[in-house]
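Worksheet for the structure shown next.
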Amino acid sequence: MNASPDQFALSVQNAQLAFGDRAIWSDLNFEVKPGEFIAVIGANGSGKSSLLKCILGQQQLTSGSILLGNNQRARGGETIGYIPQHRAIDSDLPLRVEDAVRLGLDGHKYGVPLASSAKRKIVREALIAVDVEDLAKKPVGSLSGGEMQRVRVAQALISRPNLILADEPLSALDLHHQQVIASLIAQQRTAGTAVLFVTHDVNPVIDYVDRVLYLAAGKYSIGTPDEVLQSDILSNLYGAEIDVVRNQGRIVVLGAHDHAHHDTEEWS
(Lines give C-alpha, C1' and ligand atoms only; values in the text may rest on other atoms or scores of the structure.)
Protein backbone atom coordinates (compact mmCIF):
# COMPACT_ATOMS: atom_id res chain seq x y z
CA MET A 1 0.00 0.00 0.00
CA ASN A 2 2.58 2.54 -1.11
CA ALA A 3 0.48 4.49 -3.60
CA SER A 4 0.10 8.20 -3.00
CA PRO A 5 -3.40 9.56 -2.27
CA ASP A 6 -3.85 10.92 -5.79
CA GLN A 7 -3.25 7.45 -7.23
CA PHE A 8 -6.26 5.79 -5.60
CA ALA A 9 -9.93 6.60 -5.08
CA LEU A 10 -10.15 4.23 -2.12
CA SER A 11 -7.60 2.40 -0.01
CA VAL A 12 -8.51 -0.41 2.40
CA GLN A 13 -5.60 -1.30 4.64
CA ASN A 14 -5.32 -4.34 6.94
CA ALA A 15 -9.05 -4.12 7.60
CA GLN A 16 -10.89 -6.50 9.87
CA LEU A 17 -14.57 -6.61 10.76
CA ALA A 18 -15.74 -8.90 13.54
CA PHE A 19 -18.97 -9.40 15.43
CA GLY A 20 -18.22 -11.07 18.70
CA ASP A 21 -15.79 -13.94 18.13
CA ARG A 22 -16.64 -14.17 14.44
CA ALA A 23 -14.44 -12.34 11.94
CA ILE A 24 -16.48 -11.45 8.88
CA TRP A 25 -13.23 -10.71 7.02
CA SER A 26 -9.64 -10.12 8.12
CA ASP A 27 -6.46 -8.59 6.68
CA LEU A 28 -8.43 -7.04 3.84
CA ASN A 29 -6.08 -5.03 1.63
CA PHE A 30 -6.92 -3.47 -1.71
CA GLU A 31 -6.97 -0.14 -3.53
CA VAL A 32 -9.42 1.15 -6.09
CA LYS A 33 -7.93 3.34 -8.80
CA PRO A 34 -9.79 6.32 -10.28
CA GLY A 35 -12.05 5.06 -13.06
CA GLU A 36 -11.81 1.43 -11.96
CA PHE A 37 -14.87 -0.85 -11.73
CA ILE A 38 -14.66 -3.54 -9.05
CA ALA A 39 -17.44 -6.08 -8.56
CA VAL A 40 -17.82 -7.31 -4.97
CA ILE A 41 -19.16 -10.86 -4.91
CA GLY A 42 -19.77 -13.47 -2.24
CA ALA A 43 -22.44 -15.51 -0.54
CA ASN A 44 -24.91 -14.09 1.95
CA GLY A 45 -23.09 -13.39 5.19
CA SER A 46 -19.71 -12.70 3.60
CA GLY A 47 -19.75 -9.00 4.53
CA LYS A 48 -20.32 -7.30 1.17
CA SER A 49 -22.83 -4.70 2.38
CA SER A 50 -20.92 -4.30 5.63
CA LEU A 51 -17.83 -3.34 3.63
CA LEU A 52 -19.76 -0.47 2.04
CA LYS A 53 -21.04 0.62 5.45
CA CYS A 54 -17.48 0.66 6.77
CA ILE A 55 -16.37 2.82 3.83
CA LEU A 56 -19.24 5.22 4.56
CA GLY A 57 -18.31 5.37 8.24
CA GLN A 58 -21.64 3.81 9.26
CA GLN A 59 -19.93 0.70 10.62
CA GLN A 60 -16.70 0.77 12.60
CA LEU A 61 -13.85 -1.52 11.62
CA THR A 62 -12.49 -3.83 14.28
CA SER A 63 -9.02 -2.91 13.08
CA GLY A 64 -7.27 -1.40 10.07
CA SER A 65 -8.23 1.69 8.09
CA ILE A 66 -10.18 2.89 5.07
CA LEU A 67 -9.08 6.05 3.26
CA LEU A 68 -10.30 8.04 0.31
CA GLY A 69 -7.92 9.48 -2.24
CA ASN A 70 -7.45 12.61 -0.17
CA ASN A 71 -6.37 10.50 2.82
CA GLN A 72 -9.60 11.33 4.63
CA ARG A 73 -12.22 9.02 6.06
CA ALA A 74 -15.32 8.78 3.90
CA ARG A 75 -18.22 10.93 5.07
CA GLY A 76 -20.51 10.91 2.04
CA GLY A 77 -21.46 14.24 0.52
CA GLU A 78 -20.13 14.99 -2.94
CA THR A 79 -17.22 12.57 -2.63
CA ILE A 80 -19.28 9.37 -2.58
CA GLY A 81 -22.43 8.37 -4.42
CA TYR A 82 -24.19 5.60 -2.50
CA ILE A 83 -26.88 3.36 -3.98
CA PRO A 84 -28.42 1.32 -1.15
CA GLN A 85 -30.14 -2.02 -1.44
CA HIS A 86 -33.77 -1.91 -2.44
CA ARG A 87 -36.00 -1.31 0.57
CA ALA A 88 -39.72 -0.62 0.81
CA ILE A 89 -40.52 2.97 1.78
CA ASP A 90 -43.49 4.57 3.47
CA SER A 91 -46.32 4.76 0.94
CA ASP A 92 -47.48 8.02 2.55
CA LEU A 93 -44.14 9.78 2.10
CA PRO A 94 -45.02 13.02 0.23
CA LEU A 95 -41.51 13.73 -1.12
CA ARG A 96 -41.61 14.10 -4.90
CA VAL A 97 -39.27 12.17 -7.17
CA GLU A 98 -37.56 15.31 -8.52
CA ASP A 99 -36.97 16.60 -4.98
CA ALA A 100 -35.58 13.23 -3.85
CA VAL A 101 -33.10 13.27 -6.73
CA ARG A 102 -32.11 16.88 -6.00
CA LEU A 103 -31.19 15.82 -2.46
CA GLY A 104 -28.28 13.98 -4.04
CA LEU A 105 -27.08 17.31 -5.43
CA ASP A 106 -27.36 19.57 -2.39
CA GLY A 107 -29.05 17.60 0.41
CA HIS A 108 -25.73 17.20 2.26
CA LYS A 109 -25.25 20.98 2.46
CA TYR A 110 -26.48 23.11 5.35
CA GLY A 111 -29.57 25.24 4.93
CA VAL A 112 -32.56 24.93 2.64
CA PRO A 113 -31.60 23.83 -0.90
CA LEU A 114 -32.24 26.64 -3.35
CA ALA A 115 -33.95 25.95 -6.66
CA SER A 116 -32.37 27.40 -9.77
CA SER A 117 -32.70 26.88 -13.48
CA ALA A 118 -29.24 25.26 -13.59
CA LYS A 119 -30.13 22.81 -10.82
CA ARG A 120 -33.48 22.01 -12.38
CA LYS A 121 -31.68 21.20 -15.64
CA ILE A 122 -29.24 18.89 -13.84
CA VAL A 123 -32.09 17.12 -12.03
CA ARG A 124 -34.04 16.71 -15.27
CA GLU A 125 -31.00 15.20 -17.01
CA ALA A 126 -30.54 12.77 -14.12
CA LEU A 127 -34.19 11.72 -14.31
CA ILE A 128 -33.95 11.20 -18.06
CA ALA A 129 -30.79 9.11 -17.69
CA VAL A 130 -32.56 6.54 -15.50
CA ASP A 131 -35.86 6.71 -17.43
CA VAL A 132 -38.04 8.24 -14.70
CA GLU A 133 -38.59 11.74 -16.13
CA ASP A 134 -42.33 11.07 -16.42
CA LEU A 135 -42.43 10.34 -12.67
CA ALA A 136 -40.84 13.66 -11.61
CA LYS A 137 -43.94 15.03 -9.87
CA LYS A 138 -45.05 11.76 -8.28
CA PRO A 139 -44.49 11.09 -4.56
CA VAL A 140 -41.76 8.52 -4.00
CA GLY A 141 -44.13 6.54 -1.79
CA SER A 142 -46.23 5.68 -4.84
CA LEU A 143 -43.38 4.16 -6.86
CA SER A 144 -42.82 0.50 -7.60
CA GLY A 145 -39.64 -1.16 -6.35
CA GLY A 146 -37.95 -0.89 -9.73
CA GLU A 147 -38.91 2.76 -10.17
CA MET A 148 -37.61 3.64 -6.70
CA GLN A 149 -34.35 1.85 -7.37
CA ARG A 150 -33.82 3.95 -10.50
CA VAL A 151 -34.51 7.10 -8.47
CA ARG A 152 -31.84 6.02 -5.97
CA VAL A 153 -29.36 5.59 -8.82
CA ALA A 154 -30.12 9.09 -10.14
CA GLN A 155 -29.73 10.49 -6.62
CA ALA A 156 -26.32 8.85 -6.22
CA LEU A 157 -24.92 9.88 -9.60
CA ILE A 158 -26.20 13.44 -9.84
CA SER A 159 -23.32 15.04 -7.89
CA ARG A 160 -20.72 13.30 -10.09
CA PRO A 161 -18.97 11.64 -7.15
CA ASN A 162 -15.38 10.42 -7.08
CA LEU A 163 -16.51 7.01 -5.84
CA ILE A 164 -19.75 5.11 -6.36
CA LEU A 165 -20.76 2.49 -3.79
CA ALA A 166 -23.53 0.40 -5.33
CA ASP A 167 -25.20 -2.21 -3.12
CA GLU A 168 -27.18 -4.59 -5.35
CA PRO A 169 -28.34 -1.67 -7.53
CA LEU A 170 -29.93 -3.97 -10.13
CA SER A 171 -32.30 -5.63 -7.67
CA ALA A 172 -36.01 -5.09 -8.42
CA LEU A 173 -35.18 -4.07 -12.01
CA ASP A 174 -36.31 -5.85 -15.17
CA LEU A 175 -33.69 -6.99 -17.68
CA HIS A 176 -33.97 -3.84 -19.83
CA HIS A 177 -33.47 -1.49 -16.90
CA GLN A 178 -30.68 -3.66 -15.49
CA GLN A 179 -28.80 -3.04 -18.73
CA VAL A 180 -29.61 0.69 -18.70
CA ILE A 181 -28.50 1.19 -15.08
CA ALA A 182 -25.38 -0.99 -15.34
CA SER A 183 -24.28 0.94 -18.42
CA LEU A 184 -25.05 4.31 -16.79
CA ILE A 185 -23.00 3.49 -13.70
CA ALA A 186 -20.14 2.19 -15.81
CA GLN A 187 -20.15 5.37 -17.93
CA GLN A 188 -19.17 7.40 -14.88
CA ARG A 189 -15.67 5.91 -15.15
CA THR A 190 -14.87 8.13 -18.12
CA ALA A 191 -14.77 11.08 -15.69
CA GLY A 192 -12.46 9.18 -13.35
CA THR A 193 -15.19 7.95 -11.00
CA ALA A 194 -14.36 4.63 -9.36
CA VAL A 195 -17.08 2.02 -8.79
CA LEU A 196 -17.46 -0.60 -6.06
CA PHE A 197 -20.42 -2.68 -7.21
CA VAL A 198 -21.90 -5.30 -4.85
CA THR A 199 -23.78 -8.04 -6.69
CA HIS A 200 -24.83 -11.67 -6.34
CA ASP A 201 -24.55 -12.13 -10.11
CA VAL A 202 -21.59 -10.71 -12.00
CA ASN A 203 -23.02 -11.51 -15.43
CA PRO A 204 -25.04 -8.28 -15.98
CA VAL A 205 -21.89 -6.18 -15.43
CA ILE A 206 -19.14 -8.54 -16.59
CA ASP A 207 -18.32 -6.38 -19.62
CA TYR A 208 -17.51 -3.44 -17.33
CA VAL A 209 -15.62 -5.21 -14.56
CA ASP A 210 -11.89 -4.54 -14.21
CA ARG A 211 -11.45 -6.64 -11.09
CA VAL A 212 -13.49 -8.88 -8.80
CA LEU A 213 -13.29 -8.81 -5.00
CA TYR A 214 -14.63 -12.17 -3.83
CA LEU A 215 -15.45 -12.48 -0.11
CA ALA A 216 -16.00 -15.93 1.42
CA ALA A 217 -15.59 -17.66 4.77
CA GLY A 218 -13.71 -14.71 6.30
CA LYS A 219 -11.18 -14.62 3.47
CA TYR A 220 -10.97 -12.89 0.11
CA SER A 221 -9.43 -12.96 -3.34
CA ILE A 222 -9.06 -10.01 -5.70
CA GLY A 223 -8.03 -9.92 -9.35
CA THR A 224 -9.48 -9.93 -12.83
CA PRO A 225 -12.60 -12.06 -13.37
CA ASP A 226 -10.51 -14.69 -15.16
CA GLU A 227 -8.05 -14.78 -12.26
CA VAL A 228 -10.58 -15.01 -9.42
CA LEU A 229 -13.58 -16.83 -10.86
CA GLN A 230 -11.82 -20.18 -11.06
CA SER A 231 -12.84 -23.42 -9.36
CA ASP A 232 -9.52 -23.86 -7.53
CA ILE A 233 -9.43 -20.27 -6.25
CA LEU A 234 -12.98 -20.33 -4.88
CA SER A 235 -12.60 -23.85 -3.49
CA ASN A 236 -9.60 -22.60 -1.53
CA LEU A 237 -11.62 -19.64 -0.21
CA TYR A 238 -14.57 -21.73 0.90
CA GLY A 239 -12.53 -24.71 2.04
CA ALA A 240 -14.86 -26.93 0.03
CA GLU A 241 -15.34 -27.96 -3.57
CA ILE A 242 -16.72 -25.13 -5.71
CA ASP A 243 -17.31 -25.41 -9.45
CA VAL A 244 -17.15 -22.41 -11.78
CA VAL A 245 -18.94 -23.08 -15.05
CA ARG A 246 -18.76 -20.85 -18.12
CA ASN A 247 -21.54 -21.25 -20.66
CA GLN A 248 -22.31 -18.96 -23.60
CA GLY A 249 -20.53 -16.04 -21.96
CA ARG A 250 -22.21 -16.52 -18.56
CA ILE A 251 -20.39 -17.45 -15.37
CA VAL A 252 -22.10 -19.72 -12.83
CA VAL A 253 -20.63 -20.55 -9.41
CA LEU A 254 -21.95 -23.90 -8.18
CA GLY A 255 -21.80 -25.02 -4.56
CA ALA A 256 -21.13 -21.63 -2.95
CA HIS A 257 -24.66 -21.42 -1.49
CA ASP A 258 -24.07 -24.63 0.45
CA HIS A 259 -21.31 -22.90 2.40
CA ALA A 260 -22.95 -19.49 2.87
CA HIS A 261 -23.63 -17.92 6.25
CA HIS A 262 -27.16 -16.65 6.83
CA ASP A 263 -26.84 -15.49 10.43
CA THR A 264 -27.95 -11.87 10.04
CA GLU A 265 -28.60 -9.43 7.23
CA GLU A 266 -26.02 -6.97 8.53
CA TRP A 267 -23.34 -9.46 7.49
CA SER A 268 -24.56 -9.61 3.89
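The values are calculated or read from the model by the stated rules, or taken from the named source; none is laboratory data. For clarity, every value in this text was computed on a predicted model and none was experimentally measured. Counting neighbours? That spans all protein chains shown, and the Cβs are built from the backbone with ideal geometry, glycine included.
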**Asked** When the stretch 183-213 is examined, which residues are found to be among the charged types (D, E, K, R) and under 17 Å from Phe8 (Cα atoms)?
**Response** Arg189, Asp210, Arg211
**Complete:** Those residues of the stretch 76-100 which are modelled with pLDDT of 85 or more and either among the hydrophobic types (A, V, I, L, M, F, W, C) or surrounded by fewer than 11 Cβ atoms within 10 Å (Cβ to Cβ) (or both) amount to Ile80, Ile83, Leu95, Val97, Ala100
**Request:** Output the residues belonging to the stretch 158-186 that are under 15 Å from the mean Cα position of the chain (by Cα) and assigned to a helix (DSSP H, G or I).
**Result:** Gln178, Ile181, Ala182, Ser183, Leu184, Ile185, Ala186
**Asked** For the stretch 159-177, which residues satisfy the criterion of being within 24 Å of Gly69 (Cα to Cα), in contact with a Pro (Cβ under 8 Å, 6 or more places away or on another chain) and of a type outside the set (Asp, Glu)?
**Response** Asn162
**Request:** Filter the stretch 16-43 down to residues that are within 15 Å of the chain's Cα centre (by Cα) and either on the phi > 0 side of the Ramachandran plot or loosely packed, with under 15 Cβ neighbours inside 10 Å (or both) and give me whichever is modelled with the lowest pLDDT.
**Result:** Gly42
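Please tell me if Ser142 is small (Gly, Ala, Ser), farther than 22 Å from Glu31 by Cα and touching a residue at least 60 places away in the same chain (Cβ under 8 Å). Walk me through it before giving the result.
Values: small (Gly, Ala, Ser): yes; farther than 22 Å from Glu31 by Cα: yes; touching a residue at least 60 places away in the same chain (Cβ under 8 Å): no.
In short, no.
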**Message:** When you scan the stretch 162-173, do you find a residue that is of a type in the set (D, E, K, R) and within 30 Å of Asn44 (Cα to Cα), even just one?
**Reply:** yes
**Prompt:** So which residues in the stretch 53-75 are surrounded by 15 or more Cβ atoms within 10 Å (Cβ to Cβ), within 19 Å of the chain's Cα centre (by Cα) and either assigned by TED's automatic domain parsing to the domain that holds Ser144 or modelled with pLDDT of 90 or more (or both)?
**Reply:** Lys53, Cys54, Ile55, Leu56, Gln59, Leu61, Ile66, Leu67
**Request:** Would you point out the residue of the stretch 224-239, among those that are surrounded by 15 or more Cβ atoms within 10 Å (Cβ to Cβ) and outside any helix (DSSP H, G or I), that is farthest from the chain's Cα centre (by Cα)?
**Result:** Gln230
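Where residues in the stretch 157-178 are charged (D, E, K, R) and crowded, with 19+ Cβ neighbours inside 10 Å, which of them is nearest to Val195 (Cα to Cα)?
Ranking the candidates gives Asp167 first.
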